[in-house]
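S.K.: Starting off with a structure, shown below.
The values are calculated or read from the model by the stated rules, or taken from the named source; none is laboratory data. Worth saying up front: this structure is predicted, and the values here are computed from it rather than measured. Positions of Cβ are generated from backbone atoms using ideal geometry, with glycine treated the same way; all protein chains shown enter the neighbour counts. In case anyone asks, the SASA skips ligands and DNA or RNA and just uses the protein heavy atoms, side chains included. Shrake-Rupley method; radii C 1.70, N 1.55, O 1.52, S 1.80 Å.
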Amino acid sequence: MRKTLIYCLTPLEKVALEKYITDSLAQGSLCQSEALDTCSFFFIDKKDGKLHPVQDYCPLNDITRKNVAPIPLIPELVDKLLGVWFFTKLDVRWGYNNICIQEGDEWKAAFKTPLGLFEPTVMTFGLCNAPATFQTLGSFKVPIIYAILMFILYLIIFSWCE
């Protein structure tokens, strides 16, 4: 069993926690949990002054079998853009949190807060296999007129046609 800490929160963090939990429950990305094994939860400050919620998945990541699927090298992806006429870059950060955790495995990512126990129903940042899973799901074929490259959080659509 993992040792879980409940961190003391400042008044500002308590308000942020209530908002985060309420919004996530409403969206369906979190649900109440009764898991016996949980991770810690805290906030970090972002550059823009906002608070970012963080679950400490280090103990879970230590015992997780790692996905060995290779993530593409950036120079290889850049080489594919040589000679293209048009391209656009899309930030797909929104997509990362739309990958469902396998049913029955949600309890593994449960975390403890002063408001109770919760478990995510979708992939969260911090889980060790999340980037490789997202990269694998983003690898798809399209017609030859356009091509799509994906690297972690960015989708690049490009064409060799004028």
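S.K.: Would you mind telling me the share, in percent, of accessible area of the stretch 34-124 contributed by carbon and sulfur at probe 1.4 angstrom? Intermediate values should be presented prior to the final figure.
M.R.: Values: 3640 of 6130 Å².
In the stretch 34-124, the share of accessible area belonging to carbon and sulfur is 59 percent.
S.K.: Quick one: if you stick a label point 7 Å off each Cα along the C-beta vector at Ile44 and Leu25, how many nm between them?
M.R.: 2.7 nm
S.K.: Kindly provide the trypsin sites (Lys or Arg not before Pro) of the stretch 1-78 that DSSP labels as loop, not H, G, I, E or B, and whose Cβ sees at most 14 other Cβ atoms within 10 Å. Show your work: numbers first, answer last.
M.R.: Details: sites: Arg2, Lys3, Lys14, Lys19, Lys46, Lys47, Lys50, Arg65, Lys66; in loops: Arg2, Lys3, Lys46, Lys47, Lys50, Arg65, Lys66.
Within the stretch 1-78, the qualifying trypsin sites (Lys or Arg not before Pro) (loop, at most 14 other Cβ atoms within 10 Å) are Lys3, Lys46, Lys47, Lys50, Arg65, Lys66.
S.K.: For the stretch 1-126, would you read off the P(r) tail past 16 Å as a percentage of all alpha carbon pairs?
M.R.: Working: 5528 of 7875 pairs.
The answer is 70 percent, as a whole percent.
S.K.: Could you size up the charge dipole of the stretch 1-92 around its Cα centre, putting +1 on the beta carbon of Lys and Arg and -1 on that of Asp and Glu, and report it in debye to the nearest 20? Numbers along the way, then the final one.
M.R.: Numbers: 11 positive and 12 negative charges, 21 e Å.
In debye, rounded to 20, the stretch 1-92 gives about 100.
S.K.: Quick check: pseudo-label points 7 Å beyond the Cα along Cα→Cβ at Asp62 and Lys80, how many nm apart are they?
M.R.: 3.7 nm
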